[in-house]
Each structure stands twice: as structure tokens, then as C-alpha cells.
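Asker: I have a structure here, written as C-alpha cells, and I will follow up with some questions on it.
The values are calculated or read from the model by the stated rules, or taken from the named source; none is laboratory data. Predicted model only: the values in this text are computed from it and were never measured. Note that each Cβ is placed from the backbone with ideal geometry, even for glycine, and that neighbours are counted across all protein chains shown. Accessible surface is based on the protein model in full, side chains and every heavy atom, while ligands, DNA and RNA are left aside. Shrake-Rupley method; radii C 1.70, N 1.55, O 1.52, S 1.80 Å.
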Amino acid sequence: MTTFRFSRTPIDVTSLRAELADPTCGGYTSFEGLVRNHNEGLSVGHLEYEAFEPLAVKEGERIVAEAIERFGIERAACVHRVGDLAIGEMAVWVGASARHRDEAFRACRYIIDEVKHRVPIWKKEHYENGDSGWVNCERCAAPSADADTHAHGDTQGAHTHANSHTHANSHTHANSHTHANSHSHAHPQSHEHGHNATAASESPRVGPQSFSPMSAPRAPLASDYSRQMALKEVGARGQGKLRASRVLVVGCGGLGVPVISYLAGAGIGCLGLVDGDRLEASNLHRQTMYALADVGNLKADLAAARVKALNPEVETRIHAVRLDATNAPDIVSQYDLVIDCTDNFSTKFLLNDVCVQQRRPVIFSSVYQYEGQIQVVRPDRDGSCLRCIWPEATRDGIVGNCAEAGVLGPVPGTFGSLQAFEALKLLLDLPGQLGQELLVLDLLTMSTSRVRTKRAATCPDHARSALARAQSEATNRRSTVQPDELPLEIEFGSLQAAQEAGFQIIDIREPHELAKIPTPAKNTRHIPMAGLLHGTPPFKPEGKTLLLCASGKRSLAATQELRSRGLTSITSLRGGLATLNKRVPA
Ligand SMILES: [Zn+2]
């Protein structure tokens with residue numbers, strides 16, 4: 001007989017037992033998993049099983065062969081139902097024949113446990129209340145009640161009973177009302193039905209007549225993880241890990257979009273989406289999951305809607321805020337892993353500090369024009385963090401964001417994809433994870449470099465004190481906001497008008513930008529953004545200061561950053577040089 005197969009019709013135990021009959025064996029054990037009428041507090045009316053059959057049969061046969069080898073038994077087999085099953089029907093049968101009953105028991109147990117973990121079979125429950133859902137019974141596969149427990153819990157757990165004739169021909173027969181199988185939330189049938197059907201019919205299927213050929217596949221709207229579960233490093237066990245994980249994505253832009261798409265596709269249980277910005281048309285060349293019609297809407301809302309459309313099994317939590325020291329600890333604490341997809345360094349350091357304090361892993365990436373870097377920080381493993389590498393420059397290096405420095409869409413796309421991949425490696429515990437190093441990749445030359453990072457002895461202290469300082473600053477700022485405080489942005493018709501209003505002007509553009517378009521006024525200063533934000537501000541903080549850049553975005557970000565350091569007399573020229581150029585001939 002084939003040792004593992006699927007059946008679309010009720011399992012015929014009598015004939016299966018006859019197939020396993022062996023006169024040399026004194027022990028025969030079978031396990032029967034039955035469909036029970038409830039799960040997780042919901043009444044189940046009936047359910048469906050589906051399998052990715054070509055793969056499932058191969059893996060099932062491998063498991064049975066392992067059991068035979070491992071326990072030295074004579075024969076074993078497993079049959080699993082697919083299709084629609086009613087309450088009480090047998091979903092899975094495992095039989096083992098051995099010279100002695102103990103080996104038979106253990107082999108039987110091994111097979112059912114391994115089948116639950118490794119064979120791609122999915123279960124959809126239809127509840128009495130009209131709902132239905134693909135359910136994860138990974139935990140059912142965890143070692144629990146044994147076949148020798150004798151419990152009658154008809155609707156509350158395992159109904160197991162074992163008969164044993166311990167004689168020359170011992171016959172043990174265990175019935176268990178259980179979720180008969182493991183499964184992640186997935187739908188095994190791919191949308192490439194033709195391919196699957198072909199593969200199935202080509203696979204050797206030498207079962208008895210009760211195994212009908214695969215019926216025409218339906219096209220249900222359900223998630224399908226078969227392509228990743230086919231990896232032996234993933235399987236049902238890995239899928240269960242992904243399902244159980246909660247990941248916070250900070251920033252739903254160029255880096256965030258691939259991260260969110262891939263993690264939603266992978267079946268992460270819960271995705272937190274942080275972004276306080278609204279979509280702009282200029283985002284679309286790199287933020288490919290949004291549409292032109294979405295412009296003006298909050299990205300966090302749009303991303304959540306997109307996740308729902310991609311994979312309704314993923315729970316989303318929307319945090320449409322700008323992270324600061326007062327809200328970050330609470331938000332971060334709801335997740336197991338944080339992915340930084342922001343383009344500003346103050347948020348990166350804030351996330352670093354919160355994650356060091358909460359001992360949560362965080363995956364950083366930054367992109368600048370044609371290159372970028374990725375770093376995985378593992379405070380949960382006492383690894384190095386951002387402050388180990390940049391102990392002094394807490395907010396250095398805002399050298400330009402995508403809006404100002406310019407970027408081609410695939411660059412953040414590449415780094416976001418790398419972040420998503422590192423996240424999956426971490427969650428699945430795959431080998432080769434980025435550890436104590438910073439990976440730098442230049443996409444123009446395709447050169448990579450890895451910088452080893454070392455943990456600073458004082459690192460957690462740095463993070464803790466920086467966080468405490470930021471929290472008290474944020475609190476003070478909230479309590480000392482004056483109604484006549486200088487707005488973050490101001491409009492002026494010309495720089496001369498600003499100077500007449502008492503502002504000193506700092507052009508924060510890069511030198512090459514100035515070379516093309518000089519600052520259109522006299523008595524202005526030029527301090528590129530990175531220099532402005534690095535360390536102590538190189539200008540007198542008392543006077544009113546107007547920051548100027550090309551479009552007003554960089555100067556606004558710099559203003560917010562400097563305000564967060566207590567410099568309240570800074571403001572930004574709304575619209576930047578572009579507005580001035582329209583109004584005043586340079
Ligand atoms: Zn550190």
C-alpha cells in the first residue's frame with residue numbers, strides 16, 4: 001500500500017487495518033482524528049480540508065518512512081481526508097504495526113505529530129453563526145494529551161479511548177475528537193490551477209478506489225502560502241510562527257511599502273502601521289501599492305486597506321501619528337519586531353532607544369540617492385545598536401530625504417525588500433541573519449560592504465538616558481506651548497521681506513544646489529542641513545531664524561528637529577525657493 005495518501009470519501013478503517021495486518025506483529029495501533037463541533041469557543045457546523053497534494057504526499061511518505069526507521073516497526077500508513085467533512089467524520093487515520101505495542105504507540109504518535117507540523121494541509125471551519133475561517137491549529141500539534149489518557153469530554157477537548165488486548169495480537173485503537181490536523185491559515189490551491197492539477201495527476205497515486213481523483217479546483221478568495229510553505233525551512237511550523245508574530249512598520253513610504261506588501265503576503269499575524277503623512281503624487285514612483293486616486297489620504301489608512309485587500313487574515317493596527325518620545329514606548333510595546341522605514345534620523349534614534357529599553361529587535365534601513373544601508377539591531381541578544389556606532393551624533397546625518405536628494409523608485413524598493421527578508425529570517429529563525437554588522441549597498445556599482453559593529457559597554461545607559469531626556473523635552477514642549485509661538489512655517493514674498501521682519505536667513509541646501517541657484521538675497525548664511533543638525537547649532541539661537549531650502553520640506557523637517565531641541569525661534573519658509581522664484585525674479 002502507499003504509506004500516505006488523501007481521500008475524498010470517508011475513510012474505511014476496516015480495509016486499512018487489513019492492509020496493515022502482519023502476522024509477525026503483536027502490536028497494532030491506530031489513531032483516528034475526528035471533526036469536532038467547536039473550536040475556540042465557536043460552534044463548528046462542518047469543515048473543509050485542502051492539501052497541496054504533490055508536496056503533501058511526498059512529505060507524508062517521508063514521515064511514515066522516518067517512523068518505521070526510527071521505531072523499528074514493521075508497517076505504518078496514514079490517510080487524510082480532503083474536501084467537505086461533517087461533524088464526527090474521520091479526518092485523519094494513522095496505523096502502525098509493530099512487534100511490540102510500545103513501538104506501535106510511539107510510531108503512531110510520531111506520525112500524527114509530524115503530519116500536523118510538516119504536511120501542507122489546511123482546514124477551513126464553517127461556524128454555526130455563518131462565519132468561516134481558515135484556522136491555525138499549530139498548537140494542537142504541540143505535545144499534549146496522549147492516547148492513553150482516558151477522557152470523555154465530548155465537546156470539550158480530546159475524547160480518547162484506547163483498547164488494548166495485550167496478547168500475542170495486541171489491538172490498540174484510539175479515538176480522538178481533536179482538530180485533526182495542523183494548518184496554517186492558508187489556502188493550498190494556488191491560483192495557477194492548471195499547474196497544480198497537472199502536478200497532482202503526474203504524481204504517483206496508487207491508492208485504492210476510495211481515493212477519487214482531484215476534483216476541479218475551486219477558486220476561493222483565501223490566502224495561499226503554499227509557495228513559501230514548500231520551503232522546508234518554513235513549512236507549517238514556520239507559517240505558524242509568522243501567524244503568531246506582531247510586527248511594527250514605522251513609515252509607510254518607499255521603504256515601508258515593500259515591507260508591508262511582503263509581510264502581509266507572508267501571513268504575519270498582526271501588522272502595526274505608523275505614518276502621520278498623507279500621500280502625495282510625487283510618492284507614487286516608489287510607493288507602488290498606492291494609486292493616484294489615493295493622493296491626499298493618510299498613508300497609514302491606505303496601507304491598512306491595501307493589507308486587507310492583499311491578505312484579510314492579517315490584522316492591522318493603524319497609528320496615524322508622528323512617533324515621539326511620549327507615544328513610541330506604548331506603541332512599540334505592542335509588537336515583537338520593529339522595522340524602521342523612516343527617512344529621518346531623530347525617529348531612528350528614538351526607535352533605537354525605545355527598542356534597547358524594551359529589548360526588542362529592530363531592523364533599520366536608510367537610503368540616500370543610489371545607495372543605502374541596512375542594520376539589524378538585537379537588544380534581545382545584547383547586540384550593538386545605533387548609539388554604539390554613533391555615540392555622539394544623536395541626530396546627525398540628515399543629509400537629505402527623498403524629496404530633496406532625489407531617488408529612483410527601485411532604490412528604496414530594494415532596501416525595503418531586504419528589510420522584509422531580514423524580518424522573515426528573524427521570525428523564522430533562518431540562518432545568515434545580519435547580526436553585528438552594517439550592510440552598505442551601492443546600487444550604481446553594485447558594490448557591497450559590511451561594517452562590523454561592536455557593542456559599546458555603556459550602550460544601554462546611553463539609550464536610556466537619551467530616551468528619558470527626549471521624554472521630558474516632549475512633555476515640557478507640550479506644557480509650554482504659547483499661543484503666540486512662531487509657527488513652524490511662514491510665507492514670505494521675498495527674502496528681503498523676511499529680513500525686514502527681523503529674521504536671519506539660513507539656506508540649508510547642499511553646495512551643489514547653491515552653485516546652480518544662489519540664495520536670492522544678501523546677508524544670508526549657508527549651512528547645509530547635515531551641518532545644521534549636527535551637534536550644537538552653529539548660530540545664535542536667540543534671534544528669529546528662517547530656514548530655506550528648495551521646496552520647503554527639508555527646512556520644515558530641520559525646523560521640527562531644532563524645535564524638538566528647544567530652539568523655539570526657528571521657522572521654515574513655506575514652499576521654499578520654488579515659491580520665491582515664482583514671485584521674485586532671482
Ligand atoms: Zn548601543
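Asker: Which ³J(HN,Hα) values in Hz, rounded to whole numbers, follow from the phi angles of region 556-566 under the Karplus curve 6.51 cos²θ - 1.76 cosθ + 1.60, where θ = phi - 60° and Gly and Pro get x?
Answerer: Working through the residues one at a time gives 5, 4, 5, 4, 4, 5, 5, 4, 5, 9, x Hz.
Asker: Compute the semi-axes of the equivalent ellipsoid of region 15-68, taking the square root of 5 times each eigenvalue of the Cα gyration tensor, and list them largest first in whole Å.
Answerer: Working: eigenvalues 172, 68, 21 Å².
Result for region 15-68: semi-axes of 29, 18, 10 Å.
Asker: How large is the accessible surface per residue of region 33-80, computed with a 1.4 Å probe and reported in Å² as a whole number? It would help to have the intermediate numbers written out before the result.
Answerer: Values: 1850 Å² over 48 residues.
Heavy-atom SASA per residue in region 33-80 reads 39 Å².
Asker: How do 459-467, 432-440 rank on mean C-beta neighbours within 10 Å, highest first? All intermediate terms of the calculation are to be shown ahead of the outcome.
Answerer: On the way: 459-467: 17.6, 432-440: 15.3.
Output ranking for 459-467, 432-440: 459-467, 432-440.
Asker: Can you give the local net charge around residue 248? Use residues other than it whose beta-carbon is closer than 13 angstrom to its beta-carbon, Lys and Arg +1, Asp and Glu -1. Let's see the in-between values first.
Answerer: Numbers: positive: 246, 317, 360; negative: 275, 315, 330, 336, 340.
Within the 13 Å Cβ shell, the charges total -2.
Asker: So how do 552-565, 309-322 stack up, highest first, on mean other-Cβ count within 10 Å? Present the calculation step by step, with values, prior to reporting the outcome.
Answerer: On the way: 552-565: 21.0, 309-322: 17.3.
Top to bottom by mean Cβ count within 10 Å: 552-565, 309-322.
Asker: Packing-wise, with mean Cβ within 10 Å as the measure, how do 364-372, 122-130 rank, highest first?
Answerer: Details: 364-372: 20.6, 122-130: 17.6.
For the peptides 364-372, 122-130, the packing ranking is 364-372, 122-130.
Asker: Now for a different question. Rolling a 1.4 Å sphere over the protein heavy atoms, what is the accessible area per residue of region 415-472, to the nearest Å²?
Answerer: On the way: 3100 Å² over 58 residues.
Value returned for region 415-472: 53 Å² of accessible area per residue.
Asker: Let me know the charge dipole size of region 45-113 about its Cα centre in debye, to the nearest 20, where only the beta-carbon of Lys, Arg (+1) and Asp, Glu (-1) is charged. Don't skip to the answer; put the middle values down first.
Answerer: Values: 9 positive and 13 negative charges, 77 e Å.
With only Lys, Arg, Asp and Glu charged at Cβ, the dipole is about 380 debye.
Asker: Let me ask another. Placing +1 on the Cβ of each Lys and Arg and -1 on the Cβ of each Asp and Glu in region 411-525, which of 498, 415, 436 has its Cα farthest towards the positive end of the resulting dipole?
Answerer: Checked the options; the winner is 436.
Asker: Here's something else I'd like to know. Determine the share of region 7-130's accessible area contributed by carbon and sulfur atoms, expressed in whole percent, with a 1.4 angstrom probe.
Answerer: Values: 2290 of 4700 Å².
After summing per-atom areas, the C and S share lands at 49 percent.
Asker: Determine the sum of side-chain charges near residue 295: Lys and Arg each +1, Asp and Glu each -1, restricted to other residues whose C-beta is under 15 angstrom from that of residue 295. The partial results should precede the final answer.
Answerer: Working: positive: 278, 286, 299, 306; negative: 275, 277, 280, 294, 301.
Every neighbour counted, the sum reads -1.
Asker: While we're here: Once you charge only the Cβ atoms, +1 for Lys and Arg and -1 for Asp and Glu, what is the size of the charge dipole of region 419-517 about its Cα centre, to the nearest 20 debye? Please report the intermediate quantities before stating the final value.
Answerer: Working: 11 positive and 14 negative charges, 148 e Å.
Roughly 720 debye for region 419-517.
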